[in-house]
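Below: one structure, written as structure tokens.
The values are calculated or read from the model by the stated rules, or taken from the named source; none is laboratory data. Just so it is clear, the structure is predicted and the values come from calculations on it, not from any experiment. Backbone-built Cβ (ideal geometry, glycine too); neighbour counts: all protein chains shown. Remember, those area values only see protein heavy atoms, side chains included, never the ligands or the DNA or RNA. Shrake-Rupley method; radii C 1.70, N 1.55, O 1.52, S 1.80 Å.
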Amino acid sequence: MSRFDAFLLVSFGGPEAREHVLPFLENATRGRGVPRERLLEVAEHYHHFGGVSPINGQCRALLAALSVGLPLYWGNRNWHPLLVDAFRQMAADGRRRVLAFPTSAFGSYSGC
């Protein structure tokens, strides 16, 4: 029997539509004093790709490829599906010993 009762993919998150870009950027930079003008500049980078960050698609592909023998959950720090919602769902499902896999290769303010 496994020591774990669930697998949680932990990631940064990203917008998946043009209308998500500014709310995502505001959420990701909340409390850091980033000027609105800078957010609008960064938003333009996302708009070149239709407002879609590739990270959520990559997370979905990773989850689809996994065969860890555990229920799979996914939560992002900055955009949907949010980590807090994943924790709520795991608790509701009775999961208590969760193996978390972060997608960030290094520890940083943004990645943790």
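If we keep just the residues of region 40-78 that are of a type in the set (A, V, I, L, M) and under 21 Å from V21 (Cβ atoms), which is least open to solvent (accessible area, probe 1.4 Å)?
Out of the qualifying residues, it is A43.
Need the failing condition index for V21 against (1) of a type outside the set (S, T, N, Q); (2) touching a strand residue (DSSP E or B) at 6+ places or on another chain (Cβ under 8 Å); (3) free of Cβ contacts under 8 Å to residues at least 60 places away in the same chain, just the number.
Unmet for V21, out of (1) of a type outside the set (S, T, N, Q); (2) touching a strand residue (DSSP E or B) at 6+ places or on another chain (Cβ under 8 Å); (3) free of Cβ contacts under 8 Å to residues at least 60 places away in the same chain: (2).
Out of the residues in region 65-78 meeting the condition of being assigned to a strand (DSSP E or B) and of a type outside the set (G, A, S), tell me which one is nearest to R3 (Cα to Cα).
The residue in question is L72.
List every residue pair whose Cβ atoms lie under 6 Å apart, where the two residues are 6 or more positions apart in sequence or sit on different chains, the first residue falls within region 35-64 and is more than 23 Å from F7 (Cβ to Cβ), and the second residue, located anywhere, is among the small types (G, A, S) and at pLDDT 95 or above.
G51/A17
Of everything in region 79-98, what is part of a loop (DSSP other than H, G, I, E, B) and loosely packed, with under 14 Cβ neighbours inside 10 Å? Give them in sequence order.
Residues satisfying the conditions are D93, G94, R96, R97.
Consider L9 against the criteria (1) farther than 21 Å from V84 by Cα; (2) outside any helix (DSSP H, G or I): it satisfies all of them except one. Which criterion is unmet?
Only one criterion in (1) farther than 21 Å from V84 by Cα; (2) outside any helix (DSSP H, G or I) is unmet by L9, namely (1).
Return the only residue of E16, E26 being open to solvent by 50 Å² or more (accessible area, probe 1.4 Å), touching a residue at least 40 places away in the same chain (Cβ under 8 Å), among the charged types (D, E, K, R) and touching a helix residue (DSSP H, G or I) at 6+ places or on another chain (Cβ under 8 Å).
Of E16, E26, the one residue that is open to solvent by 50 Å² or more (accessible area, probe 1.4 Å), touching a residue at least 40 places away in the same chain (Cβ under 8 Å), among the charged types (D, E, K, R) and touching a helix residue (DSSP H, G or I) at 6+ places or on another chain (Cβ under 8 Å) is E16.
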